[in-house]
Each structure stands twice: as structure tokens, then as C-alpha cells.
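What follows is a short report on a single structure.
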Amino acid sequence: MAWYPRMSRKPGNSSRVPCAPRTGSSVVLAGDIRIDDQAELRRALAAAGHSVGADAADETLVLAAWRAWREDMARHLLGDFSFVLWEPATRTF
């Protein structure tokens with residue numbers, strides 16, 4: 001999985017993620033992401049077998065949710081976000 005360094009647009013957890021592939025990436029994430037109720041999301045991810053640290057970036061939470069639930073991940077996300085995931089190996093969004 002790949003994610004890109006935060007480029008903070010405003011105070012708080014909101015982040016903007018650039019879309020630029022990295023060599024060897026299995027997934028590329030591009031978007032503007034702020035995940036709310038992160039503690040609940042972490043609990044749900046842990047129950048699904050995908051533990052994420054308490055200081056994980058919003059992008060890391062989205063990628064963990066993708067690994068855990070694939071297309072159903074949006075049901076587990078609460079916040080203000082717009083993003084796209086690209087899988088170069090399968091050439092799918």
C-alpha cells in the first residue's frame with residue numbers, strides 16, 4: 001500500500017493527498033481527507049484484523065479500511081472526504 005505525505009491545508013486533521021505513483025506501490029490514494037470518530041474506526045478495523053496506531057494519519061485509516069472491507073469501506077468512514085484509489089496491477093479505480 002502507498003500513501004503520500006500530508007500537505008496540511010488548515011489546522012486539524014484535514015489533509016490533501018497528491019496523486020503521484022511510487023515504484024512498487026500496490027495502491028495509490030489521491031484525495032482530500034478528514035476522518036472523524038477515528039477511535040471507533042480503529043476499533044472496527046481491529047475487529048476486522050487490521051490494527052492501526054492511535055497516531056495514524058487519515059490516509060492510513062482509509063487504506064486500512066480498503067484492505068479490510070474493499071468496496072464496503074465507505075459504510076465505515078465518517079468525516080469529510082473525497083478520494084480515489086488506483087490499483088496499478090489490476091488497472092482499476
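Bear in mind that the values in this text are calculations on the coordinates, not laboratory data. Since the model is a prediction, treat every value here as computed from it, not as a measurement. Cβ sites come from the backbone with ideal geometry, for glycine too, and all protein chains shown count toward neighbours.
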- Query: Once the other residues with Cβ under 10 Å from the Cβ of residue 65 are scored (Lys, Arg +1; Asp, Glu -1), what is the net sum?
  - Reply: +2
- If each K or R counts +1 and each D or E counts -1, the residues other than residue 93 whose Cβ falls under 15 Å of its Cβ total 0
- Within region 48-85, what residues put their amide N at less than 12 Å from the label point 7 Å along the Cα-to-Cβ vector of residue 32? 80-83
- Roughly how many nanometres apart are two label points built 7 Å out from the Cα toward the Cβ at residue 84 and residue 47? 3.3 nm
